[in-house]
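Written below as structure tokens is the structure these notes are about.
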Amino acid sequence: MKTPILNVRFFKNDNGGEPVRDWLKGLDAHDRKTIGADIKTVQFGWPLGMPLVRKMAKDLWEVRIHLIGRIARVLFTAHDGEMILLHGFVKKSENTPQDDLELAKSRLKQLRSS
């Protein structure tokens, strides 16, 4: 079996919560499976570019996931052999909402300061 290039882990906030894991739990099984498969593709194929992965900012990328009838994004950072999932959401507009981008950047900052 092929060894993953990156180990995947969920960002943990100060109270131990894992926002991306919680978001995933709220989705149906088919959506979770699709998102998991795309994350696994990144995990084993890193570094990847479009159409699956797009750089959003310094040390911040998005996994571009196509679900049935909608689009999801998982924002992550890659550091020391880890893919740390910072934020996940279902897109409702063409551009990535600034609030979602800022939330991921804020979590990245928290990660760096811990």
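Yes or no, residue by residue, for (1) open to solvent by 90 Å² or more (accessible area, probe 1.4 Å); (2) in a loop (DSSP other than H, G, I, E, B); (3) among the charged types (D, E, K, R):
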| residue | (1), (2), (3) |
| --- | --- |
| ASN15 | yes, yes, no |
| TRP23 | no, no, no |
| LYS33 | yes, no, yes |
| GLY36 | no, no, no |
| ILE39 | no, no, no |
| MET50 | yes, yes, no |
| LYS55 | yes, no, yes |
| VAL63 | no, no, no |
| ALA72 | no, no, no |
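Of the residues SER106, SER114, SER93, the single one that is exposed (fewer than 13 other Cβ atoms within 10 Å of the Cβ) and at pLDDT 95 or above is SER106. Cβ-Cβ contacts under 8 Å between residues 6 or more apart (or on different chains), taken from a first residue in the range 18-45 that is aliphatic (A, V, I, L, M) to a second residue that is surrounded by 14 or more Cβ atoms within 10 Å (Cβ to Cβ) and assigned to a loop (DSSP other than H, G, I, E, B), are listed as VAL20/PHE11; ILE35/LEU27; VAL42/LEU6; VAL42/LEU48; VAL42/LEU52.
The condition of being assigned to a loop (DSSP other than H, G, I, E, B), open to solvent by 40 Å² or more (accessible area, probe 1.4 Å) and more than 23 Å from SER106 (Cα to Cα) holds for LYS2.
Here ILE84 fulfils each of the conditions (1) open to solvent by 40 Å² or more (accessible area, probe 1.4 Å); (2) in contact with a Lys or Arg (Cβ under 6 Å, 6 or more places away or on another chain) apart from (1). The condition (being without any contact (Cβ under 8 Å) to a residue 12 or more places away in the chain and in contact with an Asp or Glu (Cβ under 7 Å, 6 or more places away or on another chain)) is satisfied by just one residue among ARG112, ARG54, ARG73: ARG54. If you go through the range 74-114 and keep only what is of a type in the set (D, E, K, R) and assigned to a helix (DSSP H, G or I), you end up with ASP99, ASP100, GLU102, LYS105, ARG107, LYS109, ARG112. Restricting MET83, MET1 to residues that are at pLDDT below 95 and either aliphatic (A, V, I, L, M) or closer than 16 Å to LEU101 by Cβ (or both) narrows the list to MET1. Residue check: is LEU27 aliphatic (A, V, I, L, M), closer than 19 Å to LEU6 by Cα and either open to solvent by less than 60 Å² (accessible area, probe 1.4 Å) or at pLDDT below 95 (or both)? Spelling it out, it is not the case that LEU27 is aliphatic (A, V, I, L, M), closer than 19 Å to LEU6 by Cα and either open to solvent by less than 60 Å² (accessible area, probe 1.4 Å) or at pLDDT below 95 (or both).
The number of residues in the range 35-90 that are under 11 Å from the mean Cα position of the chain (by Cα) and among the hydroxyl-bearing types (Ser, Thr, Tyr) comes to 1.
The values are calculated or read from the model by the stated rules, or taken from the named source; none is laboratory data. Since the model is a prediction, treat every value here as computed from it, not as a measurement. Cβ sites come from the backbone with ideal geometry, for glycine too, and all protein chains shown count toward neighbours. We work out accessible area using only protein heavy atoms, side chains counted, and drop any ligands, DNA or RNA first. Shrake-Rupley method; radii C 1.70, N 1.55, O 1.52, S 1.80 Å.
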